[in-house]
Amino acid sequence: MTDTHEEYRRNGWWRSATFLDDLRHNVAAFPGKPALISRRVADGRTDVVTYAELDQLTDRIAHGLIRLGVRPGDYVAIQLPNRREMLPLTLACIKVGARIAPQFPIYRHRELDFMIRLTEARVFITVNQLGDLPTAETAMTLASEIPTLEHVVVLGGDGPAGSIGFEEHLLDPEPGDPAELAGRALGPDDPFLILFTSGTTGEPKGALHSQNTLHAAIRGYGDAYGLDDSLVIMTAQTSMHYVGLVMTYLQALMLGGTAVTADLWNPGVYLDLMAEHAVTMYYGTPPFAREISEEQKANPRKIPSLRIFVSGSAPVPPHLVEQVSEILGVRVYALWGMTENGGVTMTRPEDPPERAGESDGTVVAGMEARIVDEENQPVPAGEIGALQVRGAAQCLGYYRRDEIYAKSVTPDGWFDTGDLARDDGYGGVRISGRTKDVIIANMCLKLPVSDIEALLGRHPAVRDIALIGIPDPKLVELVCAVVTPAGEPPTLEDLRTHLEDAGVNSWFWPERLELVEAMPRTLTGKIRKVELRERFGAASS
């Protein structure tokens with residue numbers, strides 16, 4: 001154990017307990033309290049799982065996994081919508097010593113093939129269909145092609161020939177022998193969860209976490225907002241993602257609160273659930289936040305319980321902070337984080353409310369952040385540089401891609417996030433874009449991309465905005481504004497006048513405008529600028 005890890009333990013960021021210990025504590029303290037409330041949108045069914053029931057489900061699934069031959073250290077691949085089974089399945093894997101490998105709902109054969117071969121998963125748990133994707137059939141095809149994949153388990157109904165039913169094989173009502181679980185559970189420092197980054201380049205990397213790296217992120221988040229067992233938390237993110245699984249399900253479990261989810265994104269359903277179940281905290285990326293506020297404006301609900309509204313994964317524009325606050329009557333907070341380390345910076349209750357539209361916040365306890373130049377030296381205040389972080393929530397590495405992870409970490413442990421940032425002027429950071437998305441305006445100036453996008457986002461004719469650099473023989477790069485209009489499309493001159501009125505130097509104005517019906521996005525809501533550059537990136541004439 002390194003000195004750094006000992007420091008994490010001394011400061012309480014890492015612990016000797018696990019999420020199974022949290023479950024046992026909650027069962028003893030409030031067995032009848034809902035741990036999870038899960039809506040099935042298509043049939044209007046709501047599953048409520050108490051802590052006592054969660055404990056029983058966890059045990060039953062654990063024995064079922066052992067019957068399938070799952071061994072300590074094996075990976076269990078999971079591709080599910082937000083359903084009640086996900087949390088007990090996660091805990092059951094910890095109980096039998098298995099690691100989990102969630103797969104985003106939209107992943108198809110190509111992505112799944114790579115990830116299952118990499119992890120050598122022996123079991124794949126899914127549903128018959130996710131939207132228009134025949135996920136169970138795809139899983140069976142993979143099982144015929146990948147020797148290590150032995151079982152395809154289908155939740156909720158008859159699966160393809162050769163698959164087995166979740167309810168029949170993993171939810172046997174007969175109690176298993178407790179002795180077969182003895183000594184198998186994962187420890188707090190053992191590799192436990194692999195999450196594949198969607199990123200903006202399409203290159204999959206499996207960030208590997210222990211229960212302790214996740215505990216550190218949860219504690220940093222909870223401490224920043226003063227969360228306790230009164231928490232009723234909801235997110236628009238899938239439980240196949242860090243936010244959905246860790247910051248929603250596992251955070252509620254660790255604090256003794258309640259997680260509320262739905263298996264399909266529908267802003268009206270989410271608002272109804274907020275009102276019905278007295279949700280206190282909501283997380284949604286800016287696109288989800290906008291849709292929630294627009295639905296609430298069109299069809300208002302009374303949600304007096306909601307007191308914390310967090311948005312992240314992309315800089316939160318000032319007009320969205322105002323919109324959500326005005327329509328939902330709730331304070332908005334901004335957060336920056338990654339699959340590799342959870343939420344690292346966030347705005348706080350002690351900050352002015354408008355700070356969420358100006359900053360991505362200050363660093364949570366247990367983590368550090370710095371902004372550096374190409375020589376890893378701190379940049380002067382206000383200048384843009386590479387954002388690096390380190391601390392207790394940092395992942396263990398990229399699974400079986402040690403060489404790639406090593407290139408992202410300095411000798412003294414600083415992880416290069418790939419994001420550009422500047423000091424926000426308040427002791428925190430403001431994300432300015434991606435390292436590979438830098439725009440060099442007028443041959444020499446590094447464009448403050450997020451700041452200009454935030455200003456243009458206030459234009460009444462702009463629904464979504466992305467700035468990209470287009471190769472140009474004279475300027476090095478030409479600044480192109482890609483816009484999804486809100487009604488009548490703006491002209492390039494409209495945008496330039498808007499920036500002039502805001503006092504922005506003309507060197508930073510866009511020279512080109514492209515209109516799109518919708519922005520291409522990653523699974524976490526970030527705009528895929530690489531696709532926009534490919535589409536509009538021909539050298540200007």
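The values are calculated or read from the model by the stated rules, or taken from the named source; none is laboratory data. From a predicted model like this one, the values you see are computed outputs, not experimental measurements. No Cβ is skipped: glycine too gets one built from the backbone with ideal geometry, and neighbour counts run over all protein chains shown.
For every residue, the table says whether it meets (1) surrounded by fewer than 18 Cβ atoms within 10 Å (Cβ to Cβ); (2) charged (D, E, K, R).
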position	(1), (2)
Gly391	no, no
Leu396	no, no
Lys407	yes, yes
Thr435	yes, no
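Tell me, yes or no, whether the stretch 66-80 has at least one residue that is in a loop (DSSP other than H, G, I, E, B), over 30 Å from Leu142 (Cα atoms) and of a type outside the set (S, T, N, Q). No, because not a single residue in the stretch 66-80 is in a loop (DSSP other than H, G, I, E, B), over 30 Å from Leu142 (Cα atoms) and of a type outside the set (S, T, N, Q).
Looking only at residues in the stretch 437-466 that are at pLDDT below 85 and in a helix (DSSP H, G or I), which one is nearest to Glu500 (Cα to Cα)? So, considering only residues that are at pLDDT below 85 and in a helix (DSSP H, G or I), the one nearest to Glu500 (Cα to Cα) is Asp451.
In the stretch 250-272, which residue that is under 11 Å from Ala236 (Cβ atoms), in contact (Cβ under 8 Å) with a residue 60 or more places away in the chain and not in a strand (DSSP E or B) is farthest from the chain's Cα centre (by Cα)? Out of the qualifying residues, it is Val269.
I'd like the residue in the stretch 42-58 that is crowded, with 18+ Cβ neighbours inside 10 Å and in contact with a Leu (Cβ under 8 Å, 6 or more places away or on another chain) and, out of all such residues, is farthest from Phe114 (Cα to Cα). Once the filter is applied, the top-ranked residue is Tyr51.
Listed here are the residues, each with its yes/no results for (1) under 30 Å from Gly206 (Cα atoms); (2) at pLDDT 95 or above; (3) among the β-branched types (Val, Ile, Thr).
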residue: Leu245; (1), (2), (3): yes, yes, no
residue: Leu250; (1), (2), (3): yes, yes, no
residue: Gly256; (1), (2), (3): yes, yes, no
residue: Leu273; (1), (2), (3): no, yes, no
residue: Ala298; (1), (2), (3): no, yes, no
residue: Ile308; (1), (2), (3): no, yes, yes
residue: His319; (1), (2), (3): no, no, no
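For Pro287, the conditions (1) under 24 Å from Leu54 (Cβ atoms); (2) in a helix (DSSP H, G or I); (3) modelled with pLDDT under 95 all hold with the exception of (1). Within the stretch 230-246, being in a helix (DSSP H, G or I) and buried (at least 24 other Cβ atoms within 10 Å of the Cβ) holds for Tyr242, Val243, Leu245, Val246.
Would you mind finding the one in Leu387, Leu320, Leu335, Leu328 that is surrounded by 24 or more Cβ atoms within 10 Å (Cβ to Cβ) and farther than 24 Å from Asn11 by Cα? Of Leu387, Leu320, Leu335, Leu328, the one residue that is surrounded by 24 or more Cβ atoms within 10 Å (Cβ to Cβ) and farther than 24 Å from Asn11 by Cα is Leu387. Among the residues of the stretch 502-520, those identified as surrounded by fewer than 18 Cβ atoms within 10 Å (Cβ to Cβ) and modelled with pLDDT under 90 are Ala502, Gly503, Val504, Asn505, Ser506, Trp507. Just one of the listed residues (Gly157, Gly69, Gly64, Gly131) is at positive phi and in contact with a His (Cβ under 9 Å, 6 or more places away or on another chain), and it is Gly69. Quick one: in the stretch 338-353, of everything that is touching a strand residue (DSSP E or B) at 6+ places or on another chain (Cβ under 9 Å) and either aromatic (Phe, Trp, Tyr) or surrounded by fewer than 22 Cβ atoms within 10 Å (Cβ to Cβ) (or both), which residue is nearest to Val409 (Cα to Cα)? In this case the residue turns out to be Thr339.
Against the conditions (1) at positive phi; (2) surrounded by fewer than 22 Cβ atoms within 10 Å (Cβ to Cβ), where does Arg401 fall short? Just the number, please. For Arg401, the failing item is (1). Restricting the first member to the stretch 394-416 and to residues that are within 21 Å of Tyr75 (Cβ to Cβ), and the second to residues that are assigned to a loop (DSSP other than H, G, I, E, B), the beta-carbon pairs closer than 8 Å and six or more apart or on different chains are Cys395/Thr339; Cys395/Glu340; Cys395/Asn341; Tyr398/Lys205; Arg401/Lys205; Ile404/Lys205; Tyr405/Lys205. Just one of the listed residues (Leu227, Leu186) is in contact with a strand residue (DSSP E or B) (Cβ under 6 Å, 6 or more places away or on another chain) and either closer than 30 Å to Leu532 by Cβ or assigned to a loop (DSSP other than H, G, I, E, B) (or both), namely Leu186. Exactly one residue among Gly226, Gly165, Gly176 is surrounded by fewer than 17 Cβ atoms within 10 Å (Cβ to Cβ), of a type outside the set (Ser, Thr, Tyr) and in contact with a His (Cβ under 6 Å, 6 or more places away or on another chain), and that residue is Gly176.
The set of residues from the stretch 239-287 being of a type in the set (Ser, Thr, Tyr) and touching a Phe, Trp or Tyr at 6+ places or on another chain (Cβ under 9 Å) comprises Ser239, Thr248, Thr261, Tyr270, Tyr282, Tyr283. Here Ala101 clears all of (1) surrounded by 24 or more Cβ atoms within 10 Å (Cβ to Cβ); (2) within 30 Å of Asp272 (Cα to Cα) except the condition numbered (2). If you go through the stretch 462-493 and keep only what is surrounded by 16 or more Cβ atoms within 10 Å (Cβ to Cβ), over 28 Å from the mean Cα position of the chain (by Cα) and farther than 14 Å from Glu511 by Cβ, you end up with just Pro490.
Among the residues of the stretch 301-326, which ones are over 19 Å from Ala454 (Cβ atoms) and either touching a helix residue (DSSP H, G or I) at 6+ places or on another chain (Cβ under 8 Å) or among the charged types (D, E, K, R) (or both)? Arg301, Lys302, Ile303, Ser305, Leu306, Arg307, Ile308, listed by residue number.
Across the stretch 4-20, the qualifying residues are those that are outside any loop (DSSP other than H, G, I, E, B) and out of contact with any helix residue (DSSP H, G or I) (no Cβ under 8 Å at 6 or more places or on another chain), and the one among them that is surrounded by the fewest Cβ atoms within 10 Å (Cβ to Cβ) is Arg10. Within the stretch 345-363, restricting attention to residues that are among the aliphatic types (A, V, I, L, M) and either modelled with pLDDT under 95 or in contact with a helix residue (DSSP H, G or I) (Cβ under 8 Å, 6 or more places away or on another chain) (or both), the residue that is farthest from Ile218 (Cα to Cα) is Ala356. State which residue is farthest from Thr213 (Cα to Cα) when the search covers only the stretch 395-436 and only residues that are part of a helix (DSSP H, G or I) and not hydrophobic (A, V, I, L, M, F, W, C). Applying the filter and picking the extreme gives Lys436.
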